[in-house]
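Derivation of every value follows stated rules applied to the coordinates shown; laboratory data play no part. The structure presented is a predicted model; accordingly, all values stated were derived computationally and were not measured. So basically every Cβ, Gly included, is an ideal-geometry build from the backbone, and we count neighbours across all protein chains shown.
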Amino acid sequence: MATKQEKKEANESTVVVVGGHGGMSSRYREVAQRFGCSLRHFEQRIPPGVRHGAGKIALVVVMVGMVSHALRDQIKELVTDDTKVVYLRTASVSALRAAVEQNAS
């Protein structure tokens with residue numbers, strides 16, 4: 001039987017951030033939660049099975065200055081046809097906030 005937390009996460013949309021600064025994960029998470037989404041942040045690589053474990057992915061945010069070509073290819077495997085992908089030039093919290101506000105709400 002699923003716990004309350006698991007049920008909540010199953011109904012919640014997920015924002016996936018690829019790239020960015022690891023030290024900013026908590027700030028990125030605050031932005032996503034402000035818009036009613038959970039956050040998954042990956043700096044170096046995307047582990048196998050993320051697509052199935054992340055629930056409904058509402059938005060993938062790619063911080064382009066901080067993503068390798070190999071990681072970019074992993075992103076292509078992660079998204080489905082109805083998933084929005086936004087590319088940001090900067091890894092700032094304000095840029096992420098604007099992207100989530102425009103695309104995930």
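Results, tabulated for the structure shown:
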item	result
Size of electric dipole in the range 4-90: Cβ of Lys, Arg +1 and of Asp, Glu -1, about Cα centre, debye, nearest 20	200
Order of Asp81, Asp73 - criterion: other Cβ atoms within 10 Å of each residue's Cβ, fewest first	Asp81, Asp73
The range 39-105 shape via C-alpha gyration tensor axes, a/c threshold 1.5	oblate
